[in-house]
Structures are given as C-alpha cells and as structure tokens.
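Below: the structure, in structure tokens.
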Amino acid sequence: MAQVVIEGVEENVREVMARYGNNPARMIEILQDLQDLYGYLPKEVLEEVSRQTEVPLTRVYHVATFFKAFTLKPRGKYTIQVCTGTACHVKGSYRVLERFEDLLGVRPGDTTDDLMFTLETVNCVGCCALGPVVIINGKYHGHVAPVQVESLIKEYRER
Amino acid sequence: MRRLGSREDLERLREEALSKSPKRFISLGMGTASRAHGAEAVYEALKEELAKRHLGIPVKATGDHGLCGYAPVMVVFPEGILYHSVKPADVPDVLEAIDKGEVLEKLLYTDPITSETYIYEKDIPFYKKQMRLVMGLMESVEPLSIDDYLCNGGFSALAKAMFDMGPQAIIQEVITSGLRGRGGAGFMTGWKWEDAASRSSPVKYIVCNGDEGDPGAYMDRCLLEGLPFEVLEGMIIGAFAVGAHQGFVYVRKEYPLATQNVQAAIEVLRELGLLGEDILGSGFDFDIQVVRGGGAFVCGESSALIASIEGRVGEPRSKHVHATESGLWGRPTVLNNVETLANVPHIVNKGGEWFASIGTKESKGTKVFSLAGDIYNTGLVEVPMGITLREVVYDIGGGIQGGKAFKAVQTGGPSGGCLPESQLDLPVDFDTLTEAGSMMGSGGMIVMDEHTCMVDVARYFVKFLTEESCGKCVPCREGLKHMLEILDRITQGEGTMEDLELLEDLGYVISNASLCGLGKSAPNPVLSTLRYFREEYVEHVRDKKCRAGVCKALVKYEIVPENCNGCHVCFKECPEGAISGEPKGVHVIDQQKCIKCGICRDVCKFDAVRVV
Ligand SMILES: Cc1cc2nc3c(=O)[nH]c(=O)nc-3n(C[C@H](O)[C@H](O)[C@H](O)COP(=O)(O)O)c2cc1C
Ligand code: SF4
Ligand code: FES
C-alpha cells in the first residue's frame, strides 16, 4: 500500500477542537472534521485527539469504529458509492455492487491497493427513479447495469 | 438584516416582503434528488438565458417538488404550468413560451397510461389526490429566503403562539389536533410536550430527529433541504411550549445539503432575532445547534440519539425513564421527528380542530411518503391519513410499470412489512397498518412487482439490521444473525420446512426480548412476508425455485433458441466467457462457467435470455 504522509497533526487537532469549544462531548463532529481533512482517521490523529481531549484512546476508537461515517484506512482518489437503498436493491443494485467487487477486488469499505478507488454502499440518495444509482465522487450515474461497470471504472481510471 | 424586536417589527418586515414579492416566477426543484437528475445545469442555463433576454422573471431554486422521477421539474407561476425532464437545451424554448404567454407542449406531463397530457400541475393525477400541508410551500419558498417564507405566512404561528396563546394553550391545541409523531412510533406529540412542560427543571432541551434511518426513504431530508424555516418554526414553538432554551437538530452525515441549509437558516434566524435572546421581545431565549449524525440506523432511536449528541456511541438505554423526564445530560428532553415539527406551525395557525378534521379517528393530518419502486410516478407524496394503499399505488403512483403484476407494497422500512394485493384497500394510518403486520413507519413506501423475490426482500432487511444492531442485547444481536443464516440457507436452496417455523419462533423471541425498537420491530419484514407470501418460501425450500428469478443459487440463465438471432452481443459482454456461438448462429451458455451476473439478459435486445 502506498505510503501516506500525515502532517500537522497536533495543530490540526487543536484547530478543529477549538471549533467545537474544546468540548469532548462533540467528539463525533471533531472526528468528522478531521476525517474531512485527512480523508480518513489515521492512528496518529486518533492518538492526538485522545491526548488533547483527555478522553481515553479506547473510547475514541469506540466512537471511530461505531459509526459508519468513519474510516480508519486511507481512501482512494475516487469514492464509488453504490446505492443499496430498498428501491435500488429491488432494481438489482446488488448485482452492480458484485460487479464492482469482482472488478476492483475489494469489498465495500475498502480501497484498492493503488489508492484509486474506495468502494462504499449508501442508503437511499433520493433518486430511486434512477435506480440502480452509483455516485462517483459526487457525480450521479443512474440506471447503472452490471455491464456498464467495467467501462465506468475504465473511464475514471483513465482521467 | 435588522433584528426584530417585536411582533410589529415582524409584521412590518412581512409587509415589505409582500410588496416586493413577484407574482410571476419560475420555481425549479433543486433538492438532492433534482440535482442528481441534472437540475443545477438547468438552473445555470436559466440564469444565463434570462439575463440575455432581459426578462425580469425571478427563478426560485427550491427544494424537490415531489415528482422526483421526472426531475428536473419546473413550475411557472402564477399559472402553475409544469414542465418536466427539462434539459439545459430546453431553456430557450421555455423562456420563449413564457414570454409569448404560450405553453411549451413538448415538456408537458403526459400520463403514461391514459396518454393524456396536462398543462397545469394541479390537474396531474400524481398531485390530484395529494394534500400538501407540510410540503405545501415547497414550490413557492426558496429554502433560505426569509422573504419568501414570510410572504407565505411564515412565523405568524410563532407570534400567535408566543403572544396570543402561551405554553398551556399551545400544548392544548396540539393535543386537540391529535398530532402523532411522524418518526415511526406515533406517540401523541401534545402529551409528550405536556409531560416535558410539567417538569420543573430549569434546563430542558428539544431535539429534532433528522436521522432518517430507513434505507429507502428521504422525506425528512427533503423538508430540511427545502423548508428549513418551517421545521425550525415548529421547533421554536415547541421549545416555547415546554420551556426549553436549547435545541439540537440531528441530521445524518449523508445529508450535506440538508445540514448546510438548516445551518444557514439558523444563522438567518439568529440575525433576525427569531433565535437567540428575547425572541421578538417576548423575553423568551432559545437557540439551536446542528449536530451531524454518524450514520447508524440505531441512532434514530431516541436514547441512542441522545447518547450520540452527548458524544458517546449510539447505544440505546432501557426506557423505564422517559426522555421527557431525563434525557440529554439528564435533563427533560423533547424529541420530535422533522415532519412532526413541520406540522406544528399549521396547527397553531389554523387550529387543532381543523387539523383533527383531516384523517381518520386515531390518525390525524397528513403523512409524507417517499414513494418508490416499480411504479410510474416515484417521488415524494403527501396524503391525508386514511387514503387507501391502492389509491397511493395506482392513482398517485400511476400503477405498475411495464404491464407487470403488482406483488407487494413495503412500508415502514426495516421495521415494517410487506403487504399483498389483498390488503391494498386498507386505509393508511398508524393502527391499521400495524394490525396488518406492517407499520406506517417514517414514510418509506416501496412498490414491488412480480420480479421481486419476497424471501430476498426479507433477507435484505435482516441483513441491514444485523449490520445496524448495536449489539448491546443478545436477542437482537444473536437472533438476527441466526435469522440471516436461515434466510441465506433458504435463498440458497438449502432450507428446510422446519426453518420456516424456526424463523417464526425466533421472530417472536426477538420482538419480545429486545431492548429497543430496532430489535422489537426487526422481525417484521420476515414475519409479514411469511404471513402473506408463505408459498414463496415453500417454493424455495421444497421446489428449490425462486419464481421471481432473483435468488442466484436457484436460477439458471438460458438462451431461448427461437429468439436468438446470433447478434453475438452477449458473447462479447459475458465477463466469464461462458457463452459460445458464431455470429448469426444460436448461442449457448455454459452452465459450469456462468456466474449468473445477468449481464447477458441485460444486453440482449431480443429477449432471448431467460431465467429459469
Ligand atoms: C431503530 C430506530 C430507528 C429510528 N429512526 C428514526 C428516524 O430515523 N427518525 C425519526 O424521526 N425517528 C426515528 N425513530 C423513532 C424515535 O425513536 C422517536 O420515537 C421519534 O424520533 C420521536 O419523534 P416523533 O414522536 O415526533 O415521531 C427510530 C426508532 C427506532 C427504534
Ligand atoms: S435491540 Fe438491538 S439495537 Fe436495540 S439495544 Fe438491543 S442490540 Fe442494540
Ligand atoms: S434507493 Fe437508491 S436512490 Fe432511493
């Protein structure tokens, strides 16, 4: 796996903490902002959060692993979100997901070794009529059929 | 913006806004659902073209209008002409038509079944049977325009509540209205408020639950995105009634636009003095903070949500003590769903009696549903309680697409169930749907056609719940895991008839022994499908067949020689090289190599691939 450089941990954590009045009760939001900053929650960051909030590291990890929104692993350049909401499921989104899994060789929540793609599932994104829906870095793709998955991946890989 | 120091200030601002308010405007739905369909590009094109033509017609970028399957949707006011599936390239034609006072035929809505074309939004069958109360202002109010909101009566309910009514009268009015919580449980809102108001604690809280955990629904998101002022007004009234000075809006992290709009709306209200100290000179102080949820279904549950706001993991607590007695940081806390709060200003304005005249005996008012699945018109619909499921599915939804047969309608998401054709004449209300083995829930409504496998649907929800169970109590954590194993077995053709009984027994234990609502209602999708679609389970077990062609282990892809004309497309697309055949000759699938991905069926234009 490619090496990711983690910088400015101490200052960044301090700055984000200040945004929430240095209040450890706002742990979830603190971690969310730090994740937005680093793309994921590196170990160093969680340790620093624990140090500065004086919340035990195990509790910080408990929060960071409980919520789906957090990831402890670095993310790819493109995040592929396959909607597995009820309507999309009924329209066969699981087949689309399987195709992504096969072609990328990762499971939802994981990132390809070349740090290109992170595969995720999401719940209903509100355009059920377009199902199955796939969102890649914020761009919506509607009526995605398994057969299109290969060319979608190719399209983004070659950008 | 100036701070409003009194009710008179508010009315003055309203008059100013009214004097500026345009009669002619274009309303373009721009919520998340519309954006996914490309509404942003249409908005840009509109702005550009309007400037070019020097047409002084304002465009309102509003929340989603509801007819989401046909987005981007725009409505031209004051006539109410609706154009759908608008592309940026259509914009010049639209403006040309508006300028000339004409109607642009090509973008009008045509009924997919009757082929009738409609000019006006109000005549379209999708809207005709709806009753838009909380969604009523969606098209005429820009989410963050206080002027728009004031022009449509905004904050008159708050002023009335604070200056004419007082806490007790508000609570009485809400009790009279019969408003029940829209988050799923259907608890009487007025009673909840009364209980919280009776507590003597100097510190109380009110929380707006915008976690919207149902994986197939998006009503609350649409309200938060499109009408944040309405939700916040309801919340301020609630806070005033119970004596809370701090509120929280809990929005799930996956809803960035909703979070952004609510946050921005709060700032507008602070500047105006509609939040903060001494609201409208009443002496009442109240402020609201937005909390982004971490995205866990169980966090929608009240005690888990409270834990999550306190910065702890979202694990439910047992509820011998209600939140209204001891909630956030041990203080009396009122927790209400987004849609519940959005109803409040209407109740205050028009009276509890009026509200109670809508709906059925025990379920008053309207309910917003996110209607999706195998029907023609998908989107957000608001209907009076008591409307039948059939009316929603057929009259509003337009019926099943592509001439297929109806199989089931799912309501209540993971806590609800699937109802068959025979139950379609049931009225939509809290108690009837619960009696039928489903649940009204928070508003997800998915219509399924004959190509949906009911065992697979049950498995889908149980899988979702296994992942979402917080794991605190054994019946839910282990029971669901066990249910999933059994359903996996059945969908793989390895189930036994005893498994069906075991599922029922397990369901009984899980619903009775679990700590929180997640576990208590978790067996519903399984129990309701076993009740109404048992023969499908039996077919999976006994005949090793999945009639819908969904369960991979039980189906086989085959090429029908009579239909195959050797176009060779499937040959090229099969990822496993499992198809053989020469161009122009009949093709064959090698069952050993086939992984049943279904691509061949998707790409065949001649209906030559069949699932058996
Ligand atoms: C597992 C679970 C998930 C829930 N999810 C939500 C939700 O997403 N939104 C919501 O408003 N209520 C949800 N509820 C219901 C809340 O616990 C609570 O009853 C509701 O927010 C109260 O507001 P209301 O009375 O206005 O409906 C959920 C309940 C359970 C048990
Ligand atoms: S019922 Fe399930 S979700 Fe609820 S507390 Fe128990 S384990 Fe957690
Ligand atoms: S279920 Fe996928 S968009 Fe609604």
Return the pair list, or none, for Cβ contacts closer than 6 Å from residues in region B:387-412 that are among the aromatic types (Phe, Trp, Tyr) to residues that are in a strand (DSSP E or B), at least 6 apart or on different chains.
B:406/B:400
Quick check on region A:118-136: of everything there that is polar (S, T, N, Q) and under 28 Å from residue B:66 (Cβ atoms), which residue is surrounded by the most Cβ atoms within 10 Å (Cβ to Cβ)?
A:123
In region B:588-608, what count of residues is obtained for those that are over 13 Å from residue B:576 (Cα atoms) and within 12 Å of chain A (Cβ to nearest Cβ)?
4
I need a count of the residues in region A:120-151 that are without any contact (Cβ under 8 Å) to a residue 40 or more places away in the chain and either more than 8 Å from chain B (Cβ to nearest Cβ) or among the hydroxyl-bearing types (Ser, Thr, Tyr) (or both).
7
Where the second residue is open to solvent by less than 10 Å² (accessible area, probe 1.4 Å) and the first is on the phi > 0 side of the Ramachandran plot and lies in region B:30-48, which pairs have Cβ atoms under 7 Å and are six or more apart or on separate chains?
B:38/B:72
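The rows are residues; the columns are (1) in a helix (DSSP H, G or I); (2) within 16 Å of ligand 2 (Cβ to nearest atom); (3) without any contact (Cβ under 8 Å) to a residue 24 or more places away in the chain.
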| residue | (1), (2), (3) |
| --- | --- |
| B:214 | no, yes, no |
| B:244 | no, no, no |
| B:248 | no, no, no |
| B:259 | yes, no, no |
Checking the conditions here, which among B:321, B:334, B:290, B:268 is among the aliphatic types (A, V, I, L, M), without any contact (Cβ under 8 Å) to a residue 12 or more places away in the chain and either away from ligand 3 (no atom under 16 Å from the Cβ) or open to solvent by 20 Å² or more (accessible area, probe 1.4 Å) (or both)?
B:321
Residue check for residue B:133: under 25 Å from residue B:443 (Cβ atoms) and assigned to a strand (DSSP E or B)
no
For region B:421-474, what are the residues that are closer than 19 Å to residue B:527 by Cβ, within 11 Å of another protein chain (Cβ to nearest Cβ) and assigned to a loop (DSSP other than H, G, I, E, B)?
B:452, B:453
Select, from B:21, B:27, the only residue that is at pLDDT below 95 and more than 14 Å from every other protein chain (Cβ to nearest Cβ).
B:21
Taking region B:86-102 as the region of interest, how many residues are free of Cβ contacts under 8 Å to residues at least 60 places away in the same chain and either exposed (fewer than 15 other Cβ atoms within 10 Å of the Cβ) or more than 32 Å from the chain's Cα centre (by Cα) (or both)?
11
So which of B:347, B:306 ends up being within 14 Å of another protein chain (Cβ to nearest Cβ), of a type in the set (A, V, I, L, M, F, W, C) and either open to solvent by 30 Å² or more (accessible area, probe 1.4 Å) or not in a strand (DSSP E or B) (or both)?
B:306
In region B:222-247, residue farthest from residue B:299 (Cα to Cα) [restricted to those that are within 14 Å of chain A (Cβ to nearest Cβ) and open to solvent by less than 10 Å² (accessible area, probe 1.4 Å)]
B:226
Say whether the condition of being touching a residue at least 40 places away in the same chain (Cβ under 8 Å), surrounded by fewer than 24 Cβ atoms within 10 Å (Cβ to Cβ) and not in a helix (DSSP H, G or I) is met by at least one residue in region B:151-174.
yes
Being more than 9 Å from chain B (Cβ to nearest Cβ), of a type in the set (A, V, I, L, M) and either open to solvent by 10 Å² or more (accessible area, probe 1.4 Å) or over 30 Å from residue B:575 (Cβ atoms) (or both), is that true of even one residue in region A:18-33?
yes
Would you tally the residues in region B:364-388 being assigned to a strand (DSSP E or B), within 14 Å of chain A (Cβ to nearest Cβ) and among the hydroxyl-bearing types (Ser, Thr, Tyr)?
1
Report yes if some residue within region B:329-341 is assigned to a helix (DSSP H, G or I), farther than 25 Å from residue B:294 by Cβ and of a type outside the set (S, T, N, Q); otherwise report no.
no
Of (1) open to solvent by 40 Å² or more (accessible area, probe 1.4 Å); (2) touching a Cys at 6+ places or on another chain (Cβ under 7 Å), residue B:454 fails just (1)
Among (1) free of Cβ contacts under 8 Å to residues at least 60 places away in the same chain; (2) closer than 18 Å to residue B:181 by Cβ; (3) aliphatic (A, V, I, L, M), where does residue B:275 come up short?
(2)
Name the one entry in A:82, A:63 that is within 11 Å of another protein chain (Cβ to nearest Cβ) and in contact (Cβ under 8 Å) with a residue 24 or more places away in the chain.
A:63
Any residue in region A:87-99 that's farther than 21 Å from residue B:408 by Cβ: show its pairings with residues that are hydroxyl-bearing (Ser, Thr, Tyr) at Cβ separation under 9 Å, as long as the two are six or more apart or on different chains.
A:97/A:84; A:97/A:121
Does region B:458-476 contain at least one residue that is more than 16 Å from ligand 2 (Cβ to nearest atom) and either open to solvent by less than 20 Å² (accessible area, probe 1.4 Å) or under 18 Å from residue B:385 (Cα atoms) (or both)?
yes
Go through (1) closer than 30 Å to residue A:44 by Cα; (2) over 19 Å from the mean Cα position of the chain (by Cα); (3) of a type in the set (A, V, I, L, M) and name the single condition residue A:129 misses.
(1)
For region B:363-379, what are the residues that are within 15 Å of ligand 1 (Cβ to nearest atom) and either within 30 Å of residue B:452 (Cβ to Cβ) or open to solvent by 10 Å² or more (accessible area, probe 1.4 Å) (or both)?
B:363, B:364, B:366, B:367, B:368, B:369, B:370
Please determine whether any residue of region B:536-549 is away from every other protein chain (no Cβ under 14 Å), within 29 Å of the chain's Cα centre (by Cα), open to solvent by 40 Å² or more (accessible area, probe 1.4 Å) and more than 16 Å from ligand 1 (Cβ to nearest atom).
no
Taking the options A:13, A:49, A:45, name whichever one is modelled with pLDDT of 90 or more, in contact with a helix residue (DSSP H, G or I) (Cβ under 6 Å, 6 or more places away or on another chain) and within 13 Å of chain B (Cβ to nearest Cβ).
A:49
Could you give every pair whose Cβ atoms fall below 7 Å, whose first residue belongs to region B:502-517 and is free of Cβ contacts under 8 Å to residues at least 24 places away in the same chain, and whose second residue is open to solvent by 70 Å² or more (accessible area, probe 1.4 Å) and within 8 Å of ligand 2 (Cβ to nearest atom), counting only separations of at least 6 or pairs across chains?
B:511/B:520
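The values are calculated or read from the model by the stated rules, or taken from the named source; none is laboratory data. Predicted model, so just to flag it, every value in this text is computed and none were measured. Every residue, glycine as well, gets a Cβ built from its backbone with ideal geometry; the counts of neighbours run over all protein chains shown. The protein model used for the area step is the full one, side chains on, heavy atoms only, and it has no ligands, DNA or RNA in it. Shrake-Rupley method; radii C 1.70, N 1.55, O 1.52, S 1.80 Å.
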